[in-house]
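So the structure is just underneath, and the comments pick up after that.
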Amino acid sequence: MFDVIEECDNQMRDRLLKDFVRVIARLRGADDLAQRSVGHSINIANSLFIQRFGSAEKFQASSDEKKRQYIGNLARAEERFAGRWSTMAVGFSLFKMWLEALVEEDEALVRHLSICLTALSAKSGEAAYYSFAMANSRPARAQAAAAIAPQPT
C-alpha cells in the first residue's frame with residue numbers, strides 16, 4: 001500500500017522537476033530583458049505571497065484548503081497573464097511550482113527550485129519587492145493583486 005503512495009509522490013516530484021527544468025531551459029535561451037522580466041514577476045509573486053502568509057513556514061502550517069486555494073488562485077493569475085504578459089505568466093508559473101514543492105514538503109526540491117528562483121529574481125536588479133515602476137503603477141499592481149485574490153464561492 002505504501003509503495004503506491006511513494007510511487008505517486010515520486011511521479012509528482014518527477015513531473016514538477018521536469019516542468020521546472022523545461023521552463024528554465026527555455027529561459028536560458030531567452031534574451032536578458034525576458035529573463036529580467038521573469039525575475040521581476042517572481043518578485044511580485046513573492047511579495048504578494050509574503051503579504052498573505054508572512055513566510056514559507058506559515059504557508060506550510062496553513063490548512064490544506066488554504067494552500068490549494070492559493071495555488072489555484074496563482075494558476076488562474078498565470079492563465080490571465082499568459083496572453084498579454086507572457087513573462088509575468090512564466091514567473092508566476094515558476095513560483096507556483098516552488099509552492100507545490102513546499103506543499104509536498106520535499107526539502108531537496110524546494111532548495112533546488114529556490115536556487116533557480118533566487119538567481120532569476122536577482123536578474124531583475126530590484127533591491128525591493130517591487131521595482132520603482134511597478135510600485136508606482138497602480139493599475140499594474142492592482143491587477144497583479146486582484147489576479148491572485150481569493151475568488152468568491
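The values are calculated or read from the model by the stated rules, or taken from the named source; none is laboratory data. Since the structure is predicted, the reported quantities are computational estimates derived from the model, not experimental observations. Neighbour counts run over all protein chains shown; Cβ positions are idealised from the backbone, glycine included.
Okay, here's what the table says:
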quantity: Matching residues in region 124-136 - criterion: being surrounded by fewer than 18 Cβ atoms within 10 Å (Cβ to Cβ) and at pLDDT 50 or above; calculated: 125
quantity: Qualifying residue in region 59-76 (condition: closer than 19 Å to residue 124 by Cβ and surrounded by fewer than 19 Cβ atoms within 10 Å (Cβ to Cβ)); calculated: no
quantity: Pair list, Cβ under 7 Å, 6 or more apart: region 57-68 residue at pLDDT below 95, other residue among the β-branched types (Val, Ile, Thr) and surrounded by 11 or more Cβ atoms within 10 Å (Cβ to Cβ); calculated: 67/103
